[in-house]
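The values are calculated or read from the model by the stated rules, or taken from the named source; none is laboratory data. Everything numeric here is computed off the predicted structure, so don't read it as measured data. Cβ placement follows ideal geometry from the backbone for every residue including glycine, while neighbour counts extend to all protein chains displayed. These accessible areas exclude ligands, DNA and RNA; they are computed on the full protein's heavy atoms, side chains included. Shrake-Rupley method; radii C 1.70, N 1.55, O 1.52, S 1.80 Å.
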Amino acid sequence: GLLVPRGEGVGTLGFQFVSCMFPERAPRDECVLLAYYGGAQNPDAASLSADEVVAKVHDDASKMLLRSGAPQPKVLSVRTWPAGIPQYNVGHAAWVQAARDALPAGLVVGGNLAGGVSIGDCVLNARVCAQEVSKVLRK
């Protein structure tokens with residue numbers, strides 16, 4: 001997949017080539033493409049209809065990925081998450097640390113708000129939380 005820098009002037013944040021990761025999810029001559037559109041810097045995107053999102057993503061993909069004259073996509077679904085991926089603001093790390101410092105002994109903070117939004121970060125944070133809980137339970 002790819003992430004699209006904001007400076008490119010498109011609303012699509014990124015694409016994942018799902019059928020490259022999971023070839024059985026598409027016929028041999030087709031590709032399953034997952035697009036992320038909108039984001040914290042484009043809050044109006046949440047009010048677009050599914051057809052409008054499809055048209056905008058196809059236009060963006062035509063500029064960056066697709067050959068000239070590519071057919072319209074076969075859309076499997078359009079899902080919207082008004083809150084989307086957590087957006088860490090300036091000072092977030094200090095806020096998380098203050099929250100952790102204020103917790104009573106034995107209570108831990110985990111999840112994507114505390115250690116990163118990627119799956120890898122969440123898994124790593126879960127391991128750290130599990131180790132902290134294990135220490136408490138051994139006492």
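Restricting segment 59-79 to residues that are in a loop (DSSP other than H, G, I, E, B) and touching a residue at least 40 places away in the same chain (Cβ under 8 Å), which is surrounded by the fewest Cβ atoms within 10 Å (Cβ to Cβ)? Lay out the reasoning, then the answer.
So in segment 59-79, the residues in a loop (DSSP other than H, G, I, E, B) come out as 65-79.
Then keep just the ones that are touching a residue at least 40 places away in the same chain (Cβ under 8 Å); that gives 65, 73-74, 76.
Values: 65: 15, 73: 16, 74: 8, 76: 10.
Looking at the filtered set, the residue picked out is 74.
Filter segment 80-92 for residues that are surrounded by 11 or more Cβ atoms within 10 Å (Cβ to Cβ) and either more than 30 Å from residue 50 (Cβ to Cβ) or among the basic types (Lys, Arg) (or both) and give the result. Steps first, please.
The first filter runs over segment 80-92 and keeps only residues surrounded by 11 or more Cβ atoms within 10 Å (Cβ to Cβ), leaving 80, 84-88, 92.
Once the filter is applied, which keeps residues that are surrounded by 11 or more Cβ atoms within 10 Å (Cβ to Cβ) and either more than 30 Å from residue 50 (Cβ to Cβ) or among the basic types (Lys, Arg) (or both), segment 80-92 yields only 92.
Restricting to segment 34-58, what's the tally of residues that are open to solvent by 70 Å² or more (accessible area, probe 1.4 Å), part of a helix (DSSP H, G or I) and touching a residue at least 12 places away in the same chain (Cβ under 8 Å)?
Within segment 34-58, residues that are open to solvent by 70 Å² or more (accessible area, probe 1.4 Å), part of a helix (DSSP H, G or I) and touching a residue at least 12 places away in the same chain (Cβ under 8 Å) number 1.
Please specify each residue of segment 81-110 satisfying the condition of being over 25 Å from residue 42 (Cβ atoms) and part of a loop (DSSP other than H, G, I, E, B).
Selection gives 103, 104, 105, 106, 107, 108, 109, 110.
Restricting the search to segment 24-33, which residues are open to solvent by 50 Å² or more (accessible area, probe 1.4 Å) and of a type in the set (A, V, I, L, M, F, W, C)? Give the derivation first.
Taking segment 24-33 first, the residues open to solvent by 50 Å² or more (accessible area, probe 1.4 Å) are 24-25, 27-31, 33.
Scanning segment 24-33 gives 31, 33.
Counting only residues that are without any contact (Cβ under 8 Å) to a residue 24 or more places away in the chain, open to solvent by 70 Å² or more (accessible area, probe 1.4 Å) and over 18 Å from residue 77 (Cβ atoms), how many does segment 2-23 have?
5
Can you give me the number of residues within segment 94-119 that are among the small types (Gly, Ala, Ser) and at pLDDT 90 or above?
At the first step, the residues of segment 94-119 found to be among the small types (Gly, Ala, Ser) are 94, 98-99, 102, 105-106, 110-111, 114-116, 118.
The next check asks that each one be at pLDDT 90 or above; those that pass are 94, 98-99, 102.
Final tally of qualifying residues: 4.
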